[in-house]
Amino acid sequence: MRYDLIIFDNDGVLVDSEPISNRLLAGYLTELGHPTSYEDSIRDYMGSAMHRIHDLVLERTGRRLPEDFDDVFHARVFAAFERELKPVAGVAGVLEKLAADGTPYCVASSGSHERIRVGHRTTGLDRWFPEERVFSSQDVGRGKPAPDLFLYAAERMGVAPGRCLVIEDSPLGVQAAVAAGMDVYGFTAMTPAARLAGADQLFDDLGDLADLLV
């Protein structure tokens, strides 16, 4: 099937940010008295919006995270991005092919607009994603696994949900795409294939995606 819109997740799909952000998240939660390993963070929070972190910690411990949690965490993440962040291998080739073929695409991320922009500027991906192609859970209020973000992106891009393909690497993202009535390909570079079982197709090398989109 040839799709009218390709919707990319950002973290872990376009930019290799998940190892950085989950390492820092695990460390910060542990520092605050909520012992969390890197593996715990990947399992529980990868692909989620910030409100999910607050909700899960409150649900599990009965304690709220500090009011400045988001600001402190983002400051640490952005500083690390400036030092370490790279684009996911193969992403430039995929975007070049989509542009050459005239296939519309956008990014829809659980991260904030600022996080997306910092990551794209650092990795040079900003030239592929002008403002009108960038969507954040900030735009809709509810992050993944709710379908709101993907539906909003499709509406703004003028494409029916059934004509969209989502590229995701987290179980929450796959759930959101399915709930939105969209096809979804699961990127298994960091996530075991079994955790993305709801995807229509799985792949482990972003460089292969261009061929899958033919």
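Laboratory data are not the source of any read-out in this text; all were calculated from the coordinates shown. Computed from a predicted structure; not experimentally measured. Cβ: placed from backbone, ideal geometry, glycine included. Neighbour counts: every protein chain shown.
In whole Hz and in residue order, list the ³J(HN,Hα) couplings for the range 52-67 that follow from phi through the Karplus curve 6.51 cos²θ - 1.76 cosθ + 1.60, θ = phi - 60°; x for Gly and Pro.
5, 4, 4, 5, 5, 5, 5, 5, 7, 10, x, 10, 8, 6, x, 4
At q = 0.15, 0.18, 0.24 Å⁻¹, what log₁₀ I(q)/I(0) does a Debye calculation on the Cα points of the range 18-84 give, no solvent, two decimals?
Relative scattering, expressed as log10 I(q)/I(0), comes to -0.42, -0.62, -1.14.
Amide H of V184 versus every other amide H placed in the peptide plane: which residues, excluding those fewer than 5 positions away on the same chain, fall under 5 Å?
Correct list: V166, D200, Q201.
Mind giving me the nanometre distance, one decimal, between the label points for D204 and R60, set 7 Å out from Cα along Cα→Cβ?
So the two model labels end up 2.8 nm from each other.
How do Y185, Y152 line up, fewest other C-beta atoms within 10 Å first?
In increasing order of surrounding Cβ atoms, one gets Y152, Y185.
Please work out how much length the chain gains when fully extended from A160 to H51, using 0.36 nm per residue of separation minus the C-alpha to C-alpha distance, in nm with one decimal.
Here the segment from A160 to H51 would lengthen by 36.4 nm.
As a footprinting exposure proxy, order L32, L206, L149 by other Cβ within 10 Å, with the fewest listed first.
If I rank by nearby Cβ atoms, fewest first, I get L32, L206, L149.
Taking Rg and Dmax of the Cα atoms in Å straight from the coordinates, which label in [x] 16.5, 49; [y] 16.4, 52; [z] 15.8, 46 is the correct one?
Recomputing Rg and Dmax of the Cα atoms in Å here picks out [y].
If one puts a single equal scatterer on every Cα of the range 90-214 and applies the Debye formula without solvent, what log₁₀ I(q)/I(0) results at q = 0.21, 0.22 Å⁻¹?
Log-scaled intensity ratios, in q order: -1.46, -1.58.
Per residue of the range 161-176, what does 6.51 cos²θ - 1.76 cosθ + 1.60 with θ = phi - 60° give for ³J(HN,Hα)? Whole Hz please, x for Gly and Pro, Karplus curve as stated.
x, x, 9, 9, 10, 9, 10, 9, 10, 10, x, 5, x, 4, 4, 5
Neighbouring Cβ atoms within 10 Å as the yardstick, rank M182, M46 fewest first.
Sorted ascending by nearby Cβ count, the order is M46, M182.
Let me know the longest stretch in the chain that avoids all trypsin sites (Lys or Arg not before Pro) found in a DSSP loop with at most 11 other C-beta atoms within 10 Å.
Longest run free of exposed loop sites: 65-214.
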